[in-house]
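Chemist: Got a structure here, written out as structure tokens. Questions coming.
The values are calculated or read from the model by the stated rules, or taken from the named source; none is laboratory data. Everything numeric in this text was worked out from a predicted model, so none of it was measured. FYI the Cβ positions are ideal-geometry reconstructions off the backbone, even for glycines, and counts take in every protein chain you see. Heads up: the accessible areas ignore ligands, DNA and RNA and are worked out on the full protein's heavy atoms, side chains in. Shrake-Rupley method; radii C 1.70, N 1.55, O 1.52, S 1.80 Å.
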Number of protein chains: 6
Amino acid sequence: MTDTHLQQGQTIAERLNPGLRDALSAKYDAMLPGMADSLIEWAYGHAYAREGLDLKTRQLCTVAALTALGGQTGPQLKVNIAHTLAAGASPREITEAIWQMAVYGGMPAAINGLNAAAEVFAEKGIAPDQG
Amino acid sequence: MTDTHLQQGQTIAERLNPGLRDALSAKYDAMLPGMADSLIEWAYGHAYAREGLDLKTRQLCTVAALTALGGQTGPQLKVNIAHTLAAGASPREITEAIWQMAVYGGMPAAINGLNAAAEVFAEKGIAPDQG
Amino acid sequence: MTDTHLQQGQTIAERLNPGLRDALSAKYDAMLPGMADSLIEWAYGHAYAREGLDLKTRQLCTVAALTALGGQTGPQLKVNIAHTLAAGASPREITEAIWQMAVYGGMPAAINGLNAAAEVFAEKGIAPDQG
Amino acid sequence: MTDTHLQQGQTIAERLNPGLRDALSAKYDAMLPGMADSLIEWAYGHAYAREGLDLKTRQLCTVAALTALGGQTGPQLKVNIAHTLAAGASPREITEAIWQMAVYGGMPAAINGLNAAAEVFAEKGIAPDQG
Amino acid sequence: MTDTHLQQGQTIAERLNPGLRDALSAKYDAMLPGMADSLIEWAYGHAYAREGLDLKTRQLCTVAALTALGGQTGPQLKVNIAHTLAAGASPREITEAIWQMAVYGGMPAAINGLNAAAEVFAEKGIAPDQG
Amino acid sequence: MTDTHLQQGQTIAERLNPGLRDALSAKYDAMLPGMADSLIEWAYGHAYAREGLDLKTRQLCTVAALTALGGQTGPQLKVNIAHTLAAGASPREITEAIWQMAVYGGMPAAINGLNAAAEVFAEKGIAPDQG
């Protein structure tokens, strides 16, 4: 009857990042009609909302991948570090997932990832050793 | 007294992939003296053997990142899918972690990752829907 | 009433590559439930089916990007070269879009892209200078 | 008689971005003798000045590829969005080419590309929905 | 009077890889007119033929970069390992430059690079420990 | 008796960048216990401290690779340009190694690399044509 992937996506996006859909819509829909719903339906409805893997592990996988992919994903890495905290991961689990990427994406990628985590932790008032 | 990172790395490498160090040594040490121990010490001793994140999640993070990084890591992706099964993940958890990377590394990366998983599952006699 | 992005995607996928959805379903849905519909809805429904840019130019953009991204997208590059011919581009337009990527993705990426085009042209009986 | 690729390149560079060669020369030739002419001859003379694909489509292909390649090409993406407007593409054609890259380069690459377009449009006084 | 970058490029290409220009022309010029000369002029005339850095070091830099870039450059990595031997580097200098890239491009990139070197050395009858 | 790779790494890191280990420790060890020693042991002990390739060439290889890899390694590229000067390379050798990467990593990567070099040279009071 309705676009359930969009609804499922919106539910999970709201849990991880309240107001995300409206913020995307305000920023992008004028230049690209329908962008916000497309993103929510695809990224959250067709990926994070799926069964088969728990949300916290999904988020740690995303943090690892964005770290390995490097600079082009810098802003999204910070957003996803916040989402990963919201999904129940500890700061230490996040820095461990980032550091491990030094093996696969190289040391610069890992260091830039740790810097991103340090910024998010500072914004949230989390002490570095509070893992 | 001794190089404990190397020992810790060898313990975990042996658990995930028995005989890995000797296979690396036979293949690479003649052309690059000490390569096998360097790899074991670094990748397994300084990463997988660390505390703060469980081994299964570490392996799922690696599968996600290698999927997102794409082709250059194809052979290592297959090796790590096998390691991830050895660390206790289900086939479905692995394909879910791979698919989610379509959002971050693009659809080609996710499809190639699923193809790698299908090959590993076939080699191990795991049915595709056995997740 | 219904998931129109999926329907729109299926229409355009069928035009570019008849039978694509069923082929994806047969290959991937057992290991990842719903994968075929997710891919059709997202890639074709939320991208290629959009207004604002003609299909032939969309396909040439995809060929350019897959060339620049390089090896991880090799199989998808060949598929999309065929889709681009189906969307009305000439072989020469395709090789020109590929070659230009030498400036942005480097010479190896461009050469590998030309090799992919040569394979597709040969499979379709298109002479190299038939552009 | 003369280096025609350099001349052809300079003609097209001047059309897309008046004064580009001299700006490059002033910035780079002291640290790397001959850099400006090499760039103009190669990128514009051996790529954009070629027959076989129209300039507007060439520019849209470049915008797509730079979007997919991501952060390392950020400044060049903005320059090429401006070049693409100069080659006759509408803002909407540009945002469509960028968005489509979410399928191939991932969502972060597409979002960063849209942000780059928004900055260029703002600098030129183009309303977001003016496509 | 003449296109000296093309001539300079052809001289150095001939030194590193006799017959390269004609092989490129036979393979690519029908599908992309002028490709062979463009490549020789650009890659060899505007890069390798320059003063300011010796040819052997230039080749080792290329091997390092192609290793770090990974899979998309696999075939070109093997070609350049052969060019680097032709420029006077020892096998060991080559494997050292490759291995160091584990720090920057990740372990998979380094392993794939060592595998490429092993193949080139085997084709040329160079023993692995002959560095 | 002791961890010689760590000691060897610390010796060479101190030569290239006095105080590096302590700076890393102050910045990262609280959020990731042992990070500084792991980095020094791996990057400097298992790579730069190795025999078989001289330090200056190693550094030029690193500058080339970080240039080709692009944006994600921007901060590390600047650090390594400084290390490469410390290892005895001339500014011109560095800009030549960077420019050559236009062939492999694309023109944007090379331009961004030259910009990074210009910043380091300016910080050190090196005139652009002082190569």
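Chemist: If one takes the longest principal axis of the Cα atoms in chain D, at what angle in degrees, from 0 to 90 and to the nearest 10, does the Cα axis of helix D:4-16 lie?
Modeler: Helix D:4-16 sits at roughly 40 degrees to that axis.
Chemist: So if we plug the beta-carbon distance of A:Arg15 and F:Arg15 into 1/(1 + (r/R0)^6) with R0 = 51 Å, what FRET efficiency do we get, rounded to 0.05? Spell out each step's value before the answer.
Modeler: Details: r = 51 Å, r/R0 = 1.00.
So, using R0 = 51 Å, E works out to roughly 0.50.
Chemist: Further, regarding this structure: Whole number in Å², please: accessible area per residue of chain A, 1.4 Å probe, ligands, DNA and RNA not counted.
Modeler: Numbers: 4340 Å² over 131 residues.
With the other protein chains kept in place, chain A gives 33 Å² per residue.
Chemist: I would also like to ask the following. Can you tell me the Rg and the Dmax, both Å, for the Cα atoms in the stretch E:55-124?
Modeler: Taking only Cα atoms of the stretch E:55-124, I get Rg and Dmax of 10.3, 29 Å.
Chemist: Here's another thing I want to ask about it. Just need the relative contact order of chain A here, percent rounded to a whole number, with Cα pairs under 8 Å and 6+ apart.
Modeler: Details: 156 pairs, mean separation 27.6, N = 131.
Rounded, it is 21 percent for chain A.
Chemist: If you don't mind, there's one more thing I want to ask. What total accessible surface area, summed over both chains, is buried at the interface between chains F and B, computed with a 1.4 Å probe and given in Å² to the nearest 100? All intermediate terms of the calculation are to be shown ahead of the outcome.
Modeler: Values: alone 7660 and 7690 Å², together 14360 Å².
Interface between F and B: roughly 1000 Å².
Chemist: Also, I was wondering about something else. Is there a simple number for the mean count of other chain Cβ atoms within 10 Å of the Cβ of residues in A:43-56, and what is it?
Modeler: Working: counts 8, 1, 3, 11, 11, 2, 0, 7, 3, 12, 12, 3, 0, 1.
Mean partner shielding for this stretch: 5.
Chemist: Here is a further query. Shape of the stretch A:1-95 from its Cα gyration tensor (a ≥ b ≥ c, root eigenvalues): rounded if a/c is under 1.5, otherwise prolate when a/b > b/c, or oblate?
Modeler: On the way: a/c = 2.04, a/b = 1.37, b/c = 1.49.
Oblate.
Chemist: Shielding by partners for B:76-85, please: the mean number of other protein chain Cβ atoms within 10 Å of each residue's Cβ.
Modeler: Working: counts 8, 2, 0, 2, 2, 0, 0, 0, 0, 0.
Counting Cβ atoms of other protein chains within 10 Å of each residue's Cβ and averaging gives 1.
Chemist: Taking each residue of D:110-119 in turn, how many C-beta atoms of other protein chains fall within 10 Å of its C-beta, and what is the average? Intermediate values should be presented prior to the final figure.
Modeler: Values: counts 6, 9, 6, 1, 5, 3, 0, 2, 5, 0.
The mean count of partner-chain Cβ atoms within 10 Å per residue comes to 4.
Chemist: Add -39500 (n - 2.57) for each DSSP H run of 4 or more in chain E, then divide by its residues: what number comes out at 222 nm, to the nearest 500 deg cm²/dmol?
Modeler: Values: 8 runs with 86 residues, N = 131.
Rounded to the nearest 500, the figure is -19500 deg cm²/dmol.
Chemist: Right, another one. Which order, highest average first, do C:101-110, D:85-94, B:77-86 follow once you tally other Cβ atoms within 10 Å for each residue and take the mean per peptide?
Modeler: Working: C:101-110: 27.9, D:85-94: 20.2, B:77-86: 22.6.
Highest to lowest by the protection proxy: C:101-110, B:77-86, D:85-94.
Chemist: Can you figure out the FRET efficiency of D:Gln7 with E:Thr4, using R₀ = 22 Å and their beta-carbon distance, to the nearest 0.05? Working shown, then result.
Modeler: Numbers: r = 15 Å, r/R0 = 0.68.
The value I calculate is 0.90.
Chemist: Measure nothing but the geometry: give the 0 to 90° angle between the long axis through the Cα atoms of B:91-100 and the longest principal axis through the Cα atoms of chain B, rounded to 10°.
Modeler: For B:91-100 against chain B, the angle is about 80 degrees.
Chemist: Between A:Ala30 and F:Ser25, what FRET efficiency comes out of the Förster formula 1/(1 + (r/R0)^6) with R0 = 51 Å and r the beta carbon distance, rounded to 0.05?
Modeler: Numbers: r = 48 Å, r/R0 = 0.94.
The computed FRET efficiency comes out at 0.60.
Chemist: Now, a different point. Filter the cross-link list B:Lys124/C:Lys78; D:Lys56/E:Lys27; A:Lys27/D:Lys78; A:Lys56/F:Lys78; A:Lys124/F:Lys27 down to pairs whose alpha-carbon distance in this structure exceeds 26 Å. If you can, show how the numbers build up before the last one.
Modeler: Values: B:Lys124/C:Lys78 30 Å; D:Lys56/E:Lys27 28 Å; A:Lys27/D:Lys78 18 Å; A:Lys56/F:Lys78 36 Å; A:Lys124/F:Lys27 18 Å.
Over 26 Å apart, Cα to Cα: B:Lys124/C:Lys78; D:Lys56/E:Lys27; A:Lys56/F:Lys78.
Chemist: Follow-up question, since we're still on this one. In nm to one decimal, list the spacings between the B:Ala30 label point and its equivalents in the other copies, with label points set 7 Å along Cα to Cβ, shortest first.
Modeler: Those separations, rounded to one decimal, come out as 4.2, 4.2, 5.2, 5.4, 6.7 nm.
Chemist: Could you grab the Rg to Rh ratio for the stretch E:4-47? Cα atoms only, Kirkwood for Rh.
Modeler: Working: Rg = 9.6 Å, Rh = 10.0 Å.
Ratio of gyration radius to Kirkwood radius for the stretch E:4-47: 0.96.
Chemist: Let me ask you something else. Tally up the carbon and sulfur contribution to the accessible surface of chain B as a whole percent, 1.4 Å probe, everything protein left in place. Each step should come with its number before you reach the end.
Modeler: Values: 2320 of 4350 Å².
Roughly 53 percent, rounded to a whole number.
Chemist: Between 0 and 90 degrees, rounded to the nearest ten: what's the tilt of helix A:107-124 against the longest Cα principal axis of chain A?
Modeler: 70 degrees
Chemist: Classify the protein assembly as shown: rounded, prolate or oblate, from the alpha-carbon gyration tensor (a ≥ b ≥ c, eigenvalue square roots; a/c under 1.5 rounded; otherwise prolate if a/b is larger than b/c)?
Modeler: On the way: a/c = 1.40, a/b = 1.00, b/c = 1.40.
The shape class here is rounded.
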